[in-house]
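Right, one structure below, let's go through it.
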Amino acid sequence: MELTAQAIFTGLLMGGFYGLVAVGLALVFGTMKVINLAHGELVLLAAYIAYAVESQTGINPLLAMPIAMAVVIAASLITFYLTNKIKKDRELNSLILTFGLGIVLTNGLLMVFSADIYSTQSAWFMEGLVIADSLFSMRSEMLAFVVGLCALGGLYWWLNHTWHGRAIRSVSSNRDAAKLMGMNPTKAELWSWAIAGVLAALAGVMLYVTSVIHPPIGHSLTIKAFIITVLAGMGSIPGVLVGALMIGVIEGLTTTFFQSSLSELASMTVFLLVLLVMPSGLFGKKAGH
Amino acid sequence: MNIKISALMLGVMYLGVPFFLGDNDYLIGLVASALIIAGVAVAWALLGNLGGMVSFGHAAFFGVGAYTSAVLTMDYGVPVFVALVVGGVGASLSSIFMMPALRLRGPYFALAILAYAEIFKILATEATGLTGGAGGLLSIPSLPVFAGVDFGTKLGGYIVILNIVTLMLITYYFIRRSSYGLALKAMHDSELATRIVGVPATYLKVVMLLVSAFMTGAVGAFNAHYINFLEPDYAFSGTWTVFPIVAAIFGGYRTLSGPVLGALFIYLVDQLVFKNLIPQGHQLILGVMLAGMIILSPSGLLPVITNLFTRKKADNKRGEAQHA
């Protein structure tokens, strides 16, 4: 019983972080119908920037956030610019394009940082934290969870209560109608890519302090992010949170009761089942086919 | 035009390459490896061009084909050439698990296939009894001596993979020319309209997936006997998806010979030039090429070059007409 509770707790914390990784992808998918297959690599880029700053200056990796954000927003906007250059069949060609950009980023990181595994040197993040006398976590895991929840909550508020946020929502629900109302859809899309960059940078720094980084994990982060996006249904932020927590708990339980190598198999299987039974996701309204 | 290019290409591959490179094991091995990529690229392009489906999961078919053939020859003593075909059949069978994904449209299909490929990789690593797990399978039998020719050599292997790719191209050519090809072409323009006039669209897509999986599996099986070693991370590696996609897009995935020429070019340039320039991360160039092609010329280089020639011809003719 205690083991189950601990597994679910760890899973929930993990899920909060997954939500942070996935929400940027979901946002862009919502506004532009483009699945950015380089999103996980953008997250990883931020993580490597945190590593570079920490190893060069010895300061707390969290302080690398401004640099990470600047670089990742720039990278995200370049991706947006290139995606906009696609002339025909953007839905499929953008998949291949961002897949290519992901390869460029992964190999670029491999060239600069080699295939070695890095993690933070700061011991503060590794210290234990006990909640309700029996649930254990690392400080960094709790931090990532809280940052994830705040980012999702903030984004939800921003989309619903600010002018730019509403512009993004109107473009994502009907691009032509938004244009007729005097909206500039390209500008709204630009905003969503920039915000996706901010979210990826947050996720990347959290990734670095909670876990270990090496080049191939960018790809698996992308896969996880779109699994959650599809589970959530198009552009639904509460859906992303629920989907991410679900994946986190499934992985936590599989790791505890079976083995960690099977955790990805479990989440992948759930993803396929949901996709086949409910092609529009758990919370989506539009049909996926 | 396309057929002429294909014929010329095959002529060079059958006569020119063995004649000039036949006694250089390193170079003939490189060309054979490029042809392995080419085989998968043709299978990928067949699914993309005829079936209208972009797949990020061909590594799964490649791996399943490789393991099927390796296990059959090692544990059950099946002759290698028979096992190559059964490897293809195995990959086709594995594609049946992916059939439900055919309900999904465009990008959803592409991503579902990617998830399937990951699942197959994990299963292969975990099913240690069958696949040897992460430790891998060693000393997989080489291609045998057949009709007095030793196909186990580098040159022999080259001839075998060349024949496999040629057979694939011929199959592709006839499918495209058949009434199925016409129906599939019509499906590109409007799947709904095609369904309404009575074309069994889903059935055709299923057949294309089976054919593409079979081809990829057979090539994967060949590779297993060619290098005599398998491990899950290698057999199901994303490389078997990345290289063929880049090759097919680069050469032009709507043409017959484009994926093959693309694979030869990409692989040889990568191995001979970029690998020496950038020892770690040389696949970066592949990503740049892929992204560049999609933006600048999504239909690939071959159609552009062909267009250039035909336009020149047309210009010449016009010039002659004016002189006369």
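The values are calculated or read from the model by the stated rules, or taken from the named source; none is laboratory data. Given the structure is predicted, the values throughout are model-derived calculations rather than measurements. Here Cβ is always computed from backbone atoms with ideal geometry, including for glycine, and neighbour counts include all displayed protein chains. Accessible surface is based on the protein model in full, side chains and every heavy atom, while ligands, DNA and RNA are left aside. Shrake-Rupley method; radii C 1.70, N 1.55, O 1.52, S 1.80 Å.
Using the Karplus relation 6.51 cos²θ - 1.76 cosθ + 1.60 with θ = phi - 60°, the per-residue 3J(HN,Hα) values for region A:90-100 come to 5, 4, 8, 5, 5, 4, 5, 4, 6, 4, x Hz, with x marking Gly and Pro. Highest mobility in the GNM of chain B, judged by mean-square fluctuation with C-alpha springs under 10 Å and restricted to B:Tyr67, B:Tyr158, B:Tyr234, is found for B:Tyr234. Result for chain A in a Gaussian network model with C-alpha springs under 10 Å: among A:Leu97, A:Leu245, A:Leu273, the largest mean-square fluctuation is at A:Leu273. Computed from point charges on the beta carbon alone (+1 for Lys and Arg, -1 for Asp and Glu), the dipole magnitude for region B:2-242 about its Cα centre is near 900 Debye. Tell me the per residue accessible area of the protein assembly as shown using a 1.4 Å probe; a whole number in Å² is fine. For the protein assembly as shown, the per-residue accessible area is 42 Å². Probe 1.4 Å, all protein chains in place: accessible area of A:Met126 in Å², nearest 10? The value for A:Met126 is about 80 Å².
Counting only protein heavy atoms and using a 1.4 Å probe, the accessible area of A:His164 comes to about 60 Å².
Per residue of A:77-90, other chain Cβ atoms within 10 Å of the residue Cβ number 2 on average. Residues considered: B:Ala218, B:Ala248, B:Ala134. Largest GNM mean-square fluctuation over chain B, using C-alpha springs under 10 Å, is found at B:Ala134. A Cβ-based charge dipole, computed about the Cα centre of region A:21-216 with Lys and Arg at +1 and Asp and Glu at -1, lands at about 960 debye.
Here the spin labels are modelled as points 7 Å beyond Cα on the Cα-Cβ line, and at A:Ser260 and A:Lys88 they lie 4.9 nm apart. With only Cα atoms counted, the protein assembly as shown has Rg and Dmax values of 25.3, 98 Å. When all protein chains stay in place and ligands, DNA and RNA are ignored, the 1.4 Å accessible-area order of B:Asp75, B:Asp270, largest first, is B:Asp75, B:Asp270.
Electrostatic tally near A:Pro215: other residues with Cβ closer than 10 Å to its Cβ, Lys and Arg +1, Asp and Glu -1, net -2.
The alpha-carbon atoms of region A:121-261 define a convex hull whose volume equals 139 cubic angstrom per residue. Semi-axes of the equivalent ellipsoid for region B:86-221, computed as √(5λ) from the eigenvalues of its C-alpha gyration tensor and ordered from largest down, come to 33, 23, 10 Å. Each Lys and Arg contributes +1 and each Asp and Glu -1, all at the Cβ; summed about the Cα centre of the protein assembly as shown, the dipole is approximately 2640 debye.
Taking N as the residue count of region B:1-135, its C-alpha radius of gyration divided by 2.2 N^0.38 Å amounts to 1.25. Relative contact order for region B:2-242: 38 percent, from Cα pairs under 8 Å spaced at least 6 residues apart, divided by residue count. Between chain B and chain A, the total buried accessible area stands at approximately 3800 Å², from heavy atoms with a 1.4 Å probe. Take the convex hull of the alpha carbons in region B:2-242; its mean projected area over all directions comes to 13.5 nm². The share of accessible area on chain A that comes from carbon and sulfur is 67 percent, using a 1.4 angstrom probe.
Taking every C-alpha pair closer than 8 Å and separated by at least 6 residues, the mean separation divided by the residue count of chain A gives a relative contact order of 37 percent. Of all aspartates and glutamates in the structure, those lying under 18 Å Cα to Cα from B:Lys154, and not within fewer than 8 positions of it along the same chain, are B:Asp23, B:Asp25. When all protein chains stay in place, what accessible area (Å², nearest 10, 1.4 Å probe) is found for A:His161? A:His161 exposes around 110 Å² with every protein chain in place.
Extension gain for the segment A:Ser122 to A:Leu63, taken as residue separation times 0.36 nm less the Cα-Cα distance, is 20.0 nm to one decimal. Computed over region A:21-216, the quotient of the alpha carbon radius of gyration and 2.2 N^0.38 Å is 1.11.
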